[in-house]
Amino acid sequence: MNIKKLILLLFLMPYLVFANESNSLEINLLPLGSDRYNILIKGNISSSQIDLKEEFTRSINEQCGTRFEIENIELNNINQDGHKKPSIQGSFKCYVNSQM
């Protein structure tokens, strides 16, 4: 292996390590009763706030459909395994036909 290839490989190594990290998000949904829920979504170090917000909305739509109210929402960073990972936490309420 010549020196140019070795330097290129050393330069790209950190990017290859991050590329192998799973893009999956950890989603925790906790029922609070009366059609209310708390949700926590933990990203990985390569997740963006936009990714988390999209997954937040997608998870609420899976639970409630299109009839819901977000009661609160908060973006944070969680220190896990020595890395800061973005997270989003909030609560929401689903509406059924009789509640509207």
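Just a few scattered comments:
- Residues whose placed amide H lies under 5 Å from that of Glu71, excluding near-sequence neighbours: Ser91, Phe92, Lys93
- Charge context of Leu32, other residues only, Cβ under 14 angstrom, K/R +1, D/E -1: -1
- Under 28 Å from the Cα of Lys53 - lysines, other chains or at least 8 residues apart: Lys42, Lys84, Lys85, Lys93
- Each of Asn28 and Arg58 was given a label point 7 Å from its Cα along the Cα-to-Cβ line. The distance between the two points is 2.1 nm.
- Using θ = phi - 60° in the Karplus curve 6.51 cos²θ - 1.76 cosθ + 1.60, the 3J(HN,Hα) couplings for the stretch 27-42 round to 10, 10, 10, 10, x, 10, x, 6, 6, 10, 9, 10, 10, 10, 10, 9 Hz; x is entered for Gly and Pro.
Coordinate-derived values only; no laboratory data. All values reported here derive from a predicted model rather than from experimental measurement. We place every Cβ from the backbone using ideal geometry, glycine too, and count neighbours over all the protein chains shown.
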